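Below is one structure; the comments refer to it alone.
The values are calculated or read from the model by the stated rules, or taken from the named source; none is laboratory data. Keep in mind it's a predicted model, so treat the numbers as computed, not measured. Reconstructed Cβ throughout: ideal geometry from the backbone, glycine too, with neighbour counts over all protein chains shown.
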Amino acid sequence: MNYVNSLSIYGFMNKNCQKIDNSLSFWKTKSHSQLVSCIEPLDVIPENVQKLSYMYLDKDPGIKGTYMTEQITSIIDNTFLKDNLTRKNHKEIFETYRKYQSRITVHEDLDYIQRHYDDIIEMIEEWRYADYGGMKYMWQERAGVDKAFFKKYLEDIFLQHQISVYIFTHNELDNKIIGYSVMPNIYSINNHHVPEVSYMLRKCLLKNDKVNLRNITEYIDWITFCNTMKNLNIDILAVNWGCSDKGVKWYKEHKWPLLYKENKYFVNIKLS
């Protein structure tokens, strides 16, 4: 399956982007000079477009500059659920759970997100300028995408019903927000006959001078997967992470059981 769908596409759009009707395309600029299209090439390109980007194409479009990367999908079964989790079946996750269960609080109610919107934005900015964060790896736009998502989420009742947002606070840091995750409330059945969702957004602070945050990423992901299975009333879940590279890709491939990988194609085209 493809990572991009009618919900996960919001995980690519910053404040200047505008989704195009019911398609899997969006304007990247307010002037409509840059267009992004997902999954398949366009038959007709609007005249005013100066830059066209294709993302997550299933086939190589044969355009100069196209590059390929792997889309990764993990499989999470009911052995990961808290009542079934043991040191024997998932040692690292079990020990991470034991470490954080009394230290981390998970908030998923809309009222909390509304009241702490400024704190969420502050956490995103802290991540952005951290030595492991967005500015170092030139992910500034991704921070902007996350901030735009939270603003739209609080304004859009449809998204509030279709998407779950989890905010993680640390009890030993005066309930400071240290991470969040965003996951859809609907799934599709993939070719492996497993319910599949696209993991939309997740960021977390990896370091703090006062507390040890080792494996906090794994804890946030584990909680997110377990809550998703509970919300969807299923006991097995395929998590489509989308495409990435280097250490982020290694994490997706090795920290969670791999179900399958697919090649996806990307290209940026200057038209004028």
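If you check 35, 24, which single one turns out to be within 26 Å of residue 202 (Cβ to Cβ), among the aliphatic types (A, V, I, L, M) and not assigned by TED's automatic domain parsing to the domain that holds residue 159?
None of the other options fit; the residue is 24.
With a requirement of 3 or more residues that are out of contact with any Cys (no Cβ under 9 Å at 6 or more places or on another chain) and under 17 Å from residue 198 (Cα atoms), the strands (runs of 3 or more DSSP E) lying completely within segment 3-80 that satisfy it span 67-77. Here residue 155 does not fit the description of being assigned by TED's automatic domain parsing to the domain that holds residue 76, surrounded by fewer than 20 Cβ atoms within 10 Å (Cβ to Cβ), of a type outside the set (S, T, N, Q) and touching a residue at least 40 places away in the same chain (Cβ under 8 Å).
Just to be sure before I move on: is residue 76 closer than 29 Å to residue 213 by Cα, out of contact with any strand residue (DSSP E or B) (no Cβ under 8 Å at 6 or more places or on another chain), among the hydrophobic types (A, V, I, L, M, F, W, C) and touching a residue at least 24 places away in the same chain (Cβ under 8 Å) in the structure I sent? No; evaluated as a whole, the condition is false for this residue. Do you know which residues across segment 221-269 are touching a residue at least 12 places away in the same chain (Cβ under 8 Å), part of a loop (DSSP other than H, G, I, E, B) and farther than 19 Å from residue 67 by Cβ? The answer is 234, 235, 255, 256, 257.
If you filter segment 163-174 down to residues that are in a strand (DSSP E or B) and among the polar types (S, T, N, Q), you find that the one that is nearest to residue 260 (Cα to Cα) is 164.
Scanning segment 175-203 for residues that are outside any strand (DSSP E or B), more than 12 Å from residue 162 (Cβ to Cβ) and either touching a residue at least 60 places away in the same chain (Cβ under 8 Å) or touching a strand residue (DSSP E or B) at 6+ places or on another chain (Cβ under 9 Å) (or both) turns up 175, 190, 191, 192, 194, 199. Scanning for something hydrophobic (A, V, I, L, M, F, W, C), assigned to a loop (DSSP other than H, G, I, E, B) and assigned by TED's automatic domain parsing to the domain that holds residue 226, does segment 85-104 turn up at least one residue? Scanning segment 85-104, I find at least one residue that is hydrophobic (A, V, I, L, M, F, W, C), assigned to a loop (DSSP other than H, G, I, E, B) and assigned by TED's automatic domain parsing to the domain that holds residue 226, so the answer is yes. So, of the residues in segment 177-219 that are β-branched (Val, Ile, Thr) and more than 14 Å from residue 76 (Cα to Cα), which turns out to be surrounded by the fewest Cβ atoms within 10 Å (Cβ to Cβ)? Filtering first and then ranking leaves 189.
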